[in-house]
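What follows draws every value from the coordinates through simple rules; no lab data is involved. In this text the structure is predicted, and so the values were computed from the model without any measurement. Every residue, glycine as well, gets a Cβ built from its backbone with ideal geometry; the counts of neighbours run over all protein chains shown.
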Amino acid sequence: MELNLSSFHFKGTVRMRWSDCDMLGHVNNAVYLTYAEQARTEYCEKLEWDWQKHGLILAKAELLFKKPLLYTDNPFIYVRIAKLGNKSFDMEHIIMDEKGETPELVAVITCVGVMIDYQTSKTFPIPEDVRKKIIDFEQNPEL
């Protein structure tokens with residue numbers, strides 16, 4: 001898998017807890033989704049996402065594990081919205097271990113987010129102002 005991390009404009013720190021690890025000292029598989037969720041939340045905060053007005057649910061998540069993540073590693077997570085649909089979007093998360101001189105790919109997490117009204121539980125199209133914020137950030141993160 002060839003990675004171009006320069007196309008990711010969000011980079012977050014993975015905050016591992018001792019309890020994230022299993023008996024072998026590896027981060028437990030289920031915890032990766034928590035890391036992705038935290039990074040997604042921080043990404044949306046950068047966009048000044050209004051959660052009450054623009055609800056969001058996860059419709060799908062796929063994980064590809066490339067190497068075990070250990071408590072002693074130095075992981076970072078990169079996030080981008082790779083595709084915008086009508087009511088949904090694809091988010092990519094890349095976890096890298098940056099402990100050594102050469103960063104190593106740990107995992108790739110791809111999620112599909114869907115806009116939803118939390119009161120009615122009905123989906124709705126991505127509002128134009130949200131779409132614009134996403135496009136602007138993905139094209140020019142300094143804005």
Task: Using a Förster distance of 25 Å, the FRET efficiency for Phe65-Thr41 (Cβ separation, nearest 0.05) - done: 0.65
Task: Degrees between helix 31-46 axis and first principal axis of the chain (Cα, 0 to 90, nearest 10) - done: 50
Open item on the list: Using amide H atoms built in the peptide plane, which far-off residues or other-chain residues are under 5 Å from Asn74 H to H?
Closed with: Glu98, Lys99
- [ ] Search the structure for amide H atoms under 5 Å from the amide H of Lys87, placed 1.01 Å from N in the peptide plane, and list their residues when 5 or more places away or on another chain.
- [x] Ile126
- [ ] Identify which of Glu45, Glu101, Glu37 has the largest mean-square fluctuation in a Gaussian network model of the chain, with springs joining Cα atoms closer than 10 Å.
- [x] Glu101
Task: Theoretical ellipticity at 222 nm over the chain - DSSP helices of four or more residues, -39500 (n - 2.57) apiece, nearest 500 - done: -6500 deg cm²/dmol
TODO: Enumerate the calculated ³J(HN,Hα) couplings along the stretch 89-102 in order (Karplus 6.51 cos²θ - 1.76 cosθ + 1.60, θ = phi - 60°), each rounded to whole Hz, writing x wherever the residue is Gly or Pro.
DONE: 8, 9, 10, 10, 10, 10, 9, 10, 8, 10, 6, x, 5, 10
Open item on the list: Show log10 I(q)/I(0) for the stretch 5-139 at q = 0.11, 0.13, 0.16 Å⁻¹, two decimals, from a solvent-free Debye sum over equal Cα scatterers.
Closed with: -0.42, -0.57, -0.82
Task: Out-of-range pairs (alpha-carbon distance over 26 Å; input Lys66/Lys99; Lys67/Lys133; Lys60/Lys132; Lys83/Lys122; Lys67/Lys132) - done: Lys67/Lys133; Lys67/Lys132
Task: Given charges at beta-carbon only (K, R positive; D, E negative), |dipole| of the stretch 73-143 in Debye - done: 500
TODO: Quick one: angle between helix 128-139 and the longest Cα principal axis of the chain, in degrees between 0 and 90, rounded to 10, please.
DONE: 40
Task: Under 5 Å, built H, 5+ apart or other chain: amide partners of Cys21 - done: Asn28
